[in-house]
Amino acid sequence: MTTELSIEVSNLRKSFGSVTALAGIDFAAERGEVLAVLGPNGAGKTTTVSVLATLVTPDSGAARIAGHDVVAEAAAVRASIMLTGQHASLDETLTGFENLVMFARLMGLRRHAAKRRANELLAEFDLADAAGRRVGRYSGGMRRRIDIACGLVVAPQVVFLDEPTTGLDPRSRQAVWDLVAGFADQGITTLLTTQYLEEADVLSDRIVVVDHGTVVAEGTSAELKARTGGSFCEVVPLNPHDLSAAAGVLRSMCPDGLLFDPESDHVSVPAPDGARTLTEVLRRLEDARIELVDIALRRPSLDEVFLSLTGHPVTEAVAS
């Protein structure tokens, strides 16, 4: 069975003067897949999106969107995509309904069809009650939803979401997350750049990590976390003074060294055998009469994965 690719990127390169933005990026996304692209400031995420959306011409390499070459078939690419950036591209003097009708007309729909599609999208995006209100008076979450709705007047094959939830409150962010899940159900491929690693963790089927203009890692969230060290058992003694004693009891279970910071409130032990490791940890601590306030199996967070792969803290994972 042949996999249908909606995004194909091969050895993509782009420089701006003496600054290399892309140094040979390679990745692909299947139809209906949600692909998150993460990277620190200056990694090349936004340049990648700009090339794929035909806004910037690459110096070399190749990229295809929905089967169309981004350079030779730019018009066909633009007809196949939706691009939503960090800031809504709306006419604030028009109502939500008027904005949707305007975008529909620009996409070639006749007046009656444009109005029908506008009403369908207003209902789908829970904006029917605000249809007659000027967009300039919309909340941040409403503006993001109407902006995305405008890109869907004609169903795209690929959606580019560049930092779509920046500045939104948790409820509005969840609404955007629900929209992304809906894209996947419709077979629409989504390429998502985000500064929220939780967002990538929750939404994406796969994650591509870029740094210095190239891909440094890719895989599912679970696969990337496994690369950082796998599961471990975290133990918190009831009495903080028992921390050193707990470390001594568990030290032989850590061939590469105990994960123990004397300034912290816990000891971490590698758990290659999952629950069996946790059971053994409990047995040893009970024999040593060390009471616990908490014990849990956990995996590295995506934040820890990001830091391990790029050497940059999560706070630098913003659009570039």
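The values are calculated or read from the model by the stated rules, or taken from the named source; none is laboratory data. Not measured: the values here are computed from a predicted model. Here the Cβ positions follow ideal geometry from the backbone for every residue, glycine too, while neighbour counts run over all protein chains shown. For the accessible areas, the whole protein counts, side chains as well, though only heavy atoms, and no ligand, DNA or RNA atoms are used. Shrake-Rupley method; radii C 1.70, N 1.55, O 1.52, S 1.80 Å.
Where does each of Y196, Y138 land when they are ordered by accessible area, with a 1.4 Å probe and the largest first? Could you put the intermediate results ahead of the total?
On the way: Y196 60, Y138 15 Å².
Of Y196, Y138, the descending order of accessible area is Y196, Y138.
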So, taking all protein chains as they sit and a 1.4 Å probe, how much accessible area belongs to I295, in Å² rounded to tens? 40
How many nm separate the modelled label positions at S15 and E223, each set 7 Å beyond the Cα in the direction of the Cβ? 3.2
How much accessible surface area, in Å² rounded to 10, belongs to the heavy atoms of E286 with a 1.4 Å probe? 130
Accessible surface, the chain, averaged per residue in Å² (probe 1.4 Å): 49
Highest GNM mean-square fluctuation among V70, V176, V293, for the chain with Cα springs under 10 Å, belongs to V293
In debye to the nearest 20, the charge dipole size for the chain, taken about the Cα centre with +1 at each Lys and Arg Cβ and -1 at each Asp and Glu Cβ, equals 1400
With label points built 7 Å along Cα→Cβ from the Cα atoms of W177 and E98, find their separation and express it in nm. 3.5
Measuring from the lowest to the highest alpha carbon on each principal axis, how far does the chain reach, largest first, in angstroms? 78, 48, 43
Highest-first arrangement of 91-98, 210-217, 178-185, where packing means the average Cβ count within 10 Å: 210-217, 91-98, 178-185
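Can you classify region 117-188 as rounded, prolate or oblate using the Cα gyration tensor, where a ≥ b ≥ c are the square roots of its eigenvalues, rounded means a/c under 1.5, and otherwise it's prolate if a/b beats b/c and oblate if not? Don't jump to the answer; show the numbers that get you there.
Numbers: a/c = 1.81, a/b = 1.17, b/c = 1.55.
It is oblate, given that a/c is not under 1.5 and a/b is not larger than b/c.
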